[in-house]
Amino acid sequence: MERTPKGVKTDRFLRSVSNQRIFAAGDCADSGNPQLTPVAGYEGRVTAANIVTPESHPLAPHIIPSVVFSVPPLTLASVS
C-alpha cells in the first residue's frame, strides 16, 4: 500500500492508489485536503457511498468550507 507522511495515498474516490480494495478517509488519508473534523466527516460519507456503490461519488474538495479563528480577531479591510 502506497503511503506518504500524511497517510494512505488515495484517488478521487478515496481508494488506495496501490490497492483498490482499501479505502482511507480523514486523518489516515493523503487526499490532499486539510486534516479537519468537517473534512474527515465528508470523506467518511464519500468513502461509505463508494463502498456501497463503487465510483459513484468522487471527492469534491471545492465544497469544503474553512475558517480561521484567532486572538485578536482578524478583520478584512475593504478594498477599493
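Here's a check for you: in the range 3-29, which residue that is among the basic types (Lys, Arg) and in a loop (DSSP other than H, G, I, E, B) is modelled with the lowest pLDDT?
Ranking the candidates gives LYS6 first.
With the requirement that a residue be part of a helix (DSSP H, G or I), surrounded by 11 or more Cβ atoms within 10 Å (Cβ to Cβ) and not charged (D, E, K, R), what does the range 30-50 give you?
If the condition is that a residue be part of a helix (DSSP H, G or I), surrounded by 11 or more Cβ atoms within 10 Å (Cβ to Cβ) and not charged (D, E, K, R), then PRO38, VAL39, ALA40, GLY41, TYR42, GLY44, VAL46, THR47, ALA48, ALA49, ASN50 are the ones that fit.
When only residues in the range 58-73 that are of a type outside the set (A, V, I, L, M) and either assigned to a loop (DSSP other than H, G, I, E, B) or modelled with pLDDT of 85 or more (or both) count, which is surrounded by the most Cβ atoms within 10 Å (Cβ to Cβ)?
Looking at the filtered set, the residue picked out is PRO58.
With respect to THR10, is the statement that it is β-branched (Val, Ile, Thr) and surrounded by fewer than 20 Cβ atoms within 10 Å (Cβ to Cβ) true?
no
Could you please find all residues in the range 10-32 being of a type in the set (Lys, Arg) and closer than 16 Å to PRO58 by Cβ?
ARG12, ARG15
The values are calculated or read from the model by the stated rules, or taken from the named source; none is laboratory data. Keep in mind the model is a prediction, meaning the values are calculated, not measured. Cβ coordinates were reconstructed from backbone atoms using ideal geometry, including for glycine residues, and neighbour counts include every protein chain displayed.
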